[in-house]
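Working notes, beginning with the structure itself.
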Amino acid sequence: MFRKKICSALLLICLLLNMFTGMSVFAVDEGRQVSIRVEGINSTITKTDGNYRTQKTTVYGAVYELLKNKDIPIVVSDSGYGKYISSINGEEEATFGGYDGWMFIVNNETPDRSIDSYEINDGDNIVVYYGEFPSGSGESLHGTYIPTVELSKDTVEAGAEFTVTVTSTYYDWDKDQEVNVKIKDVEVGLCDKTYYTDEHGEAIVTAPADLGNYSLSISLDRADSYPLIVRTTRDITVVETVDETDDTKAPVIVVEGLVNGLVVAEKEADFKVTVTGNADENIVPVVKLNGNVITGTNGDYKAELIVGQNIISIEAMDAAGNKSDITYKLIYRTVADIPAKEHLAKSLDY
């Protein structure tokens, strides 16, 4: 009896909350916010921005909903592995007589499940495209590749050159390994100009003279066949040219992970170096350990210390000739060599 009274009281509270506060006591599914793009044989069929919100939980549900809302014809078939798209906007599978057809990627990754079983999350970038599974390398590329596009810089001075590199990595089932390919002849469009990648997958592009935000179109369509890469875009910002002759400020060196004068018991010292300049954005520091240059990866360095005193020097110079330098002294001792009191004091200082 007592338990029934408690349940009745809770139900009454829920009803009162709904009646007098207008608030639901049940969780509301706000859906997922994603971007969807559909790339056909010769052109982009439709696309959304990143603010497309859907209550659907799978790639299939979200794409089907979008195409239906835009009155774009879609035909879906069933297989032993799940649903698959056999036609969009009249572009049917096997148009070119092979295994070509409609595929999809999420966040530039090829999925390992069917389109109706792939669950989506907030922020997902969904691309449905017409193509074929990739194979081959060098001059014998076959299929449709998922491009990896790298820009040497995405903030470019007006009229300056920058590099666009297009590569792709796919799994070769015959070799049972991942294969990385550099894609030649990719079209890189900017404003009214078109640039093409070379055998290294690189194109040298010139930024426009007018300041602002621009979008690069990247594609490799072919006559009477499916595209060799999935079409994509990259954004750049064109800024005012900085006169390096007016740059008199020295670069700023920021070091993480080092403390000058520290006594350490570890043979390896890991640290990070970041250099910023007034005009030059590509300053690579010269880092030396006891007079010998050591190299890093993306600003991360590893120094192998010798027993006793070690000197780590860091120097940076920008394009205008302005210099900065900083030096750290580290003393490496084995744990047995460090007096307990001194070791404790140094550790507390750190």
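Residues in the stretch 45-80 that are within 24 Å of THR233 (Cβ to Cβ) and assigned to a strand (DSSP E or B): how many?
7
Surrounded by fewer than 12 Cβ atoms within 10 Å (Cβ to Cβ), in contact (Cβ under 8 Å) with a residue 24 or more places away in the chain and either within 17 Å of TYR145 (Cα to Cα) or small (Gly, Ala, Ser) (or both): is that true of TYR99 in this structure?
yes
Which residue is farthest from VAL238 (Cα to Cα), if the candidates are limited to the stretch 141-155 and must be of a type in the set (Ser, Thr, Tyr) and part of a loop (DSSP other than H, G, I, E, B)?
Checked the stretch 141-155; the qualifying residue farthest from VAL238 (Cα to Cα) is THR144.
With the stretch 266-336 as the region, which strands (runs of 3 or more DSSP E) entirely inside it contain at least 2 residues that are modelled with pLDDT of 90 or more, surrounded by 15 or more Cβ atoms within 10 Å (Cβ to Cβ) and within 25 Å of the chain's Cα centre (by Cα)?
Correct list: 268-276.
Every residue in the stretch 203-224 that is in a loop (DSSP other than H, G, I, E, B) and at pLDDT 95 or above, please.
ALA207, PRO208, ALA209, ASP210, LEU211, LEU220, ASP221, listed by residue number.
Quick one: in the stretch 174-195, of everything that is without any contact (Cβ under 8 Å) to a residue 12 or more places away in the chain and in a strand (DSSP E or B), which residue is farthest from ILE229 (Cα to Cα)?
GLN177
Which of the numbered conditions does ILE146 fail, given that it passes all the others? Conditions: (1) in the same structural domain as ILE229 (by TED's automatic domain parsing); (2) of a type outside the set (Phe, Trp, Tyr); (3) surrounded by fewer than 17 Cβ atoms within 10 Å (Cβ to Cβ); (4) under 22 Å from the mean Cα position of the chain (by Cα).
(3)
The values are calculated or read from the model by the stated rules, or taken from the named source; none is laboratory data. For clarity, every value in this text was computed on a predicted model and none was experimentally measured. Counting neighbours? That spans all protein chains shown, and the Cβs are built from the backbone with ideal geometry, glycine included.
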